[in-house]
Amino acid sequence: MSDTNNAAMYGRPTKRKVKYGGPVATTANSAPVGPVDDPALIANAAVIIRSATPPPAAPAPRKERVMADPDEHDFRFRDLVTYMAKGLVDHPDDVAVEIVSAGDDGILELSVHADDIGHVIGKQGRTAKSLRLALGAAASRVDRRMDLEIAD
C-alpha cells in the first residue's frame with residue numbers, strides 16, 4: 001500500500017512530515033532575527049512608538065479597620081477553629097487561636113506546633129481551605145464574615 005491509499009483510508013498519511021528542514025534562506029529585504037552587531041542595521045532599525053496612555057489610577061484608599069470588642073460569636077468561632085485544629089494535629093496542646101479583629105469582618109489567627117503546620121495546611125492547601133470554609137459557613141449563620149490566617 002502506498003501513502004496515498006493510507007491517507008484515503010484513514011484520513012491522514014502514515015509518514016510524518018518534517019517541520020524543520022534546515023536553515024531558511026533570507027532575502028536581502030528581510031530583517032535579521034536575533035542580536036544584531038552591524039551598526040548600519042542598528043541605525044536603520046525601526047523606531048518603537050509608544051502610545052501616550054495615562055498612568056494607572058491610584059488605588060482607592062483603604063478603610064481604617066475599627067477594632068471592635070469581641071462578642072460571644074467571636075469566641076464561639078475561636079472555639080470552633082480550636083476544636084477542628086486539635087483534631088488534625090499531633091500536638092493538640094500547642095494549638096492556639098487568637099482573635100486578630102472582631103466584628104462583622106473578623107480575622108482569626110491559628111498557631112500550631114512547627115511539626116504540625118503541614119497537617120493544618122494539607123496537600124495544596126486543601127485542609128486550610130476546608131477550615132476556612134467551615135468557619136465562613138458558621139459565620140454566615142449569624143450574618144458575618146470571618147477569615148482564618150495560619151501563622152508560621
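Read the figures in this text as sums done on the coordinates, not as results from a lab. Everything numeric in this text was worked out from a predicted model, so none of it was measured. No Cβ is skipped: glycine too gets one built from the backbone with ideal geometry, and neighbour counts run over all protein chains shown.
For the stretch 119-149, the set of residues classified as more than 14 Å from R78 (Cβ to Cβ) and out of contact with any helix residue (DSSP H, G or I) (no Cβ under 9 Å at 6 or more places or on another chain) consists of K123, Q124, G125, R126, K129, R132, L133, G136, A137, S140, R141, D143, listed by residue number. Where helices (runs of 4 or more DSSP H) fall wholly inside the stretch 69-152, the ranges with 1 or more residues that are within 24 Å of the chain's Cα centre (by Cα) and buried (at least 17 other Cβ atoms within 10 Å of the Cβ) are 117-121, 126-140.
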